[in-house]
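Accompanying notes for the structure given below.
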Amino acid sequence: FFSKTQAYTSALTQLLGIPPRELSDKNVSQEHMDLAASVQHILELMMENLVGYWVNETGIKNVCFGGGVALNCTANSHLIRKLGINSYIHPAAGDSGGAFGAAIFGGKGKISQNKGFTPYLGKEFSDIEIEIH
């Protein structure tokens, strides 16, 4: 089972045949680098297949991303190069960005573009208030 300190099971370690790194281990082995590169490559292919399908299906090349994977700059640049899309990464790129996607879906894409939009909307604080907190 997963826990706060371990995001995998021993079955994954056995399947990969690579021992996990210790958090304190600053040296990254070649096999760990190869694993990371392979996972990145597969992620890029999966995103290309998914986004590519919808670009081909709809002809729309303006794509808005949300969710944690939206912060993967390498995958995003891969999609831009391979699919020729215009990419917008919503500022709430974590799972909270789902609310934004739901609003667009519910509005059937007819949400007006607010040129003044900024991720810094909310209450304004003075410099003194910021220093105190």
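With a 1.4 Å probe and all protein chains kept in place, how do H41, H32 rank by accessible area, largest first?
The ranking, largest first, comes out as H41, H32.
What are the residues whose amide H is under 5 Å from the amide H of I89, where those residues sit 5 or more places off or on another chain and H is modelled from the backbone?
The answer is F65.
Would you tally the net charge around H133, using a Cβ to Cβ cut-off of less than 13 Å, leaving H133 out, and scoring K and R as +1, D and E as -1?
That works out to -2.
In nm, give the distance between the simple-model label positions of S29 and T13, each being 7 Å from the Cα along the Cα-to-Cβ direction.
1.2 nm
Hey, if we sort R21, R81 by accessible area with the 1.4 Å probe, largest down, what's the order?
R81, R21
Straight-line reach from K4: which aspartates and glutamates fall under 16 Å, measuring Cα to Cα and dropping same-chain residues less than 8 apart?
Leaving aside aspartates and glutamates fewer than 8 places away in the same chain, those within reach of K4 are E22.
For an R0 of 30 angstrom, estimate the FRET efficiency from the Cβ-Cβ distance between K123 and A103 and round to the nearest 0.05.
0.90
Cut-off 12 Å, label point 7 angstrom out along Cα-to-Cβ of T74: give me the residues of the range 19-58 whose amide nitrogen falls inside.
The answer is 33-45.
The values are calculated or read from the model by the stated rules, or taken from the named source; none is laboratory data. The shown structure was predicted, so the numbers you read here are calculated from the model rather than taken from an experiment. All Cβ positions, glycine included, derive from the backbone under ideal geometry; neighbour counts span all protein chains shown. Ligands, DNA and RNA are stripped out before the accessible areas are found, and what is left, the full protein with its side chains, is counted by its heavy atoms. Shrake-Rupley method; radii C 1.70, N 1.55, O 1.52, S 1.80 Å.
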